[in-house]
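**Q** Handing you a structure now.
The values are calculated or read from the model by the stated rules, or taken from the named source; none is laboratory data. Nothing here was measured: the structure is a model prediction, and the numbers come from that model. Every residue, glycine as well, gets a Cβ built from its backbone with ideal geometry; the counts of neighbours run over all protein chains shown.
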Amino acid sequence: MSVADERCRLFTPDVAAALAAATAQAKGAALRAGANPDKLKAVERGARAKAAQADCASGDIALAAARVRSAFAGFSRLTRLSYPGDIAGWRADRSDGRAARWRLMQQASFGADRMDFGLAGRDGPGALIAIGRFGDRATPYAARLLLRDASRSAGPYLDRWDSGATAGLPLSRRLPPRSAVKVYAAEARSPAGQDLSPKDAGPGWAFRFPADAAHDLAGLDPREAVAVEFLFPGDVARRAYVEVGDFAAGRAFLTLAER
């Protein structure tokens, strides 16, 4: 139906965006359940071929479109949503407000340190940000995001249990080798503001990554992980891991038009 909408303009922007978000979530769920990525691509090609032959004025298309509108009418009005993951999940918030807030966020612990990571801003999806809080109150001078470079790999690098499954696999075993990693250096650093900090949180440092990093993150397999490295004097790096999970679905959810 997403493909048919591209041809036939069946849905209003809010319903189309809700359908896109649900499509991304369904794809992620299928991959985490063990579906073959090549078979999923074949399903998508089949859907596109079927939509290309469909008569936009046919009764079948009209009936299917009506069912989609009914199913997503309530979904498109939601302002908050949780996306559980295998190890860690995402929390999405597209509600209105004057202050900047986390729009899509995942938390991570690494040793005595903590990180909040995701999209933040006053409206829209926002910027990709990592906020690190360090048990010894150390001050990082820079941060970088490490993720798989799709141009140098045919698919995700996933270590597996002896059974062949990936469920419960530590996030540190879901990164590609260095030769297939793309690195994004943070383009800005500042003390973490109270608007993005829990009330009981100590001081932290916020780093903003380029917009292209969010685009690349959304294109990864949901079973993968990415890493944020905080850099300190003395050539010291502290690494936090983030589960890709339903980042793409959450990001699409943030684009739903307000009613």
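**Q** Here are some residues: Ser76, Ser58, Ser70, Ser82. Which one is in contact with a strand residue (DSSP E or B) (Cβ under 8 Å, 6 or more places away or on another chain) and of a type in the set (Ser, Thr, Tyr)?
**A** Ser82
**Q** If the Cβ limit is 7 Å and pairs must be 6+ apart or interchain, which residue in the range 147-169 that is within 21 Å of Gly219 (Cα to Cα) and modelled with pLDDT under 90 pairs with which residue that is surrounded by 11 or more Cβ atoms within 10 Å (Cβ to Cβ) and β-branched (Val, Ile, Thr)?
**A** Every condition considered, the pairs that remain are Leu158/Thr166.
**Q** Return the residue satisfying two criteria in turn: it lies in the range 92-107 and is in contact (Cβ under 8 Å) with a residue 60 or more places away in the chain, surrounded by 14 or more Cβ atoms within 10 Å (Cβ to Cβ) and out of contact with any Phe, Trp or Tyr (no Cβ under 6 Å at 6 or more places or on another chain), and of such residues it is nearest to Phe253 (Cα to Cα).
**A** Only one residue fits best here, namely Arg94.
**Q** While we're on this one: Counting just the residues of the range 208-255 that are closer than 17 Å to Ala26 by Cβ and of a type in the set (Asp, Glu), which one comes out surrounded by the most Cβ atoms within 10 Å (Cβ to Cβ)?
**A** Taking the candidates together, the pick is Asp246.
**Q** Condition first: in contact with a strand residue (DSSP E or B) (Cβ under 6 Å, 6 or more places away or on another chain) and farther than 14 Å from Arg238 by Cβ. Now tell me which residues in the range 124-139 satisfy that.
**A** Residues satisfying the conditions are Pro125, Gly126, Ala127, Leu128, Ile129.
**Q** Quick test of your reading of the structure: Thr166 fulfils all but one of (1) within 25 Å of Ala201 (Cα to Cα); (2) β-branched (Val, Ile, Thr); (3) surrounded by 15 or more Cβ atoms within 10 Å (Cβ to Cβ). Name the failing condition by number.
**A** (1)
**Q** From the list Ala130, Ala120, pick out the single residue that is crowded, with 16+ Cβ neighbours inside 10 Å, closer than 20 Å to Leu171 by Cα and touching an Asp or Glu at 6+ places or on another chain (Cβ under 9 Å).
**A** Ala130
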